[in-house]
Every structure is written in C-alpha cells, then in structure tokens.
Amino acid sequence: MCIYKPNRVIDIDDKKDKKKNEDEMFEADDDQEDEFEFLNLTELLAEWDNEDPKVTPDDEVNDEKNQILLKNLLAHIVPIIIIRQKGLDNSRDKNSFLKVLEKIYIFLIKFVRNNKANQMLLVDYLDLFIDDLEYGVHSFELIAEIFRNSELLLTYNLVPILKKVIKLIDSLPKETQKKTTMLSFLSYFMKYNGNSIRAIQNLICIEVTSGTRKNTDHLFVGEVGLKDLHLYILEMKNAYSEFMNDDRYVQEI
C-alpha cells in the first residue's frame, strides 16, 4: 500500500528495502536532503491544513443561479450527511478521507457564499462545522461565509464560536499559513451592510489581545515587526493627543 505526496512516498510493503537504498544513496553526502519521509497521521494532518489557502478570494462573484438550483435540488444534504458520519477515526486511509472532507467544505462554501437563503439553511448545522475546526481552515471559512453580511450577525450568539476559534488560532504555531488564513476570516463578523458591529469588534479585540493568549504578539515578530509596533503605538498616542486637545470632544466628556 502506498500513499503518494509530492516528493514523498510512504511505502508500507517495501519499507526496509527502500530505507536500505536511501542509506546507500546518501551515505556519501550526509548534508543532502532526504527526498523520502515516513509520515505519521499527525504530520499528514499538519501538512494538509497548513497548506490550505482560503477557497474564495474576496472579489470572486458567486453564481446565484447555480446556488438556487442546488438549493432546490437539496444538494447540501449529502455533504451534511458525510460530515455528520465523523468517519475519520474509522477510515482506512485517513489522509484520503481528509481530502474528501476538504472537497465537501469547498462545495458548501460556494453554495452559501453571499446567498442569504442558503446561509439560513446551513446555520442549523453549525455544531457539525465547529467540530471539524481542527482539521483545516475550510470549516471556519464556511462558518464565516454563513455569517458574512447576514442578519444572523445581529441575532445569533457568536460569543462561544468566536472564543473557541480564537483559542484555536492562538494554539497554532506562529509561522503556519493556517493561522494567518483563519485570522483573516474574523473580519467577516465585524460588519453588516457596511456598518460596524461594535459588540463583536470589542469581543474579538479582547479575546485576541487577552493576556491568556500566548501569541498575541505574532504580528510583530523580528526587527521589522518591532518597528511596526512602535509606529502603531505612536499613532495611537497622536490620535489620543488630538482627541484631548479638541474642545468639541472635551466639552462632551
């Protein structure tokens, strides 16, 4: 049995011979990188989700006619059934199952994007999507698309979801693409019809900058990051100074 990945082969049936050949191949040059790696499931999972970009760029226009057709055909039901089965633990090829799960979420993201009727359909399955957050960025992208510019932002209790997501983001290594991508989706919860939702903005700000978060400084890493941080602090001081010296605002206080 063989699992193929670019420049990597996991050969279960012929591991010993392959390892012997590799040792002979690289014996003369210990510094040369080994092209073959035997990966366990944890490493496969990490590779799968760390290389996941977001499905839809912000400027992409959705196909509303197809979305309506798929809704009338109840096309979202089968993907929901597969997600509900929680088949990863019992799967013989877990990496292949993750690829199937990825395609399911990509379909649902395009199904729900900027479509209020379809957003309302999928909001009932949020618990299923939340359970899959650990597997990759697409489950959170789907959750973000369900709420993006939707009236649900004004009525749904988002506190537990955002707290869980931000805690997960904080647990990720600083250098992963998954972390950057998941952070970008937080902006989807901050506005409705172009108007800021202060309560959600405050919640996200408090959670992200909380002292309990170990990576609150991940945007200001290294010498360049430190300069950016000092620049932002200086801008905040200038804004505060202008505010306090403006008689219009001081009188209101």
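Here, each number is a calculation from the coordinates, and none is a lab measurement. The structure displayed is predicted, hence computed values, not measured ones.
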>> Explain nothing, just the number: relative contact order of the stretch 129-209, from Cα pairs under 8 Å at least 6 residues apart, as a whole percent.
In response: 35 percent
> Given H placed 1.01 Å from N in the peptide plane, which residues other than close sequence neighbours of residue 192 have an amide H under 5 Å from its amide H?
Replying inline: 197
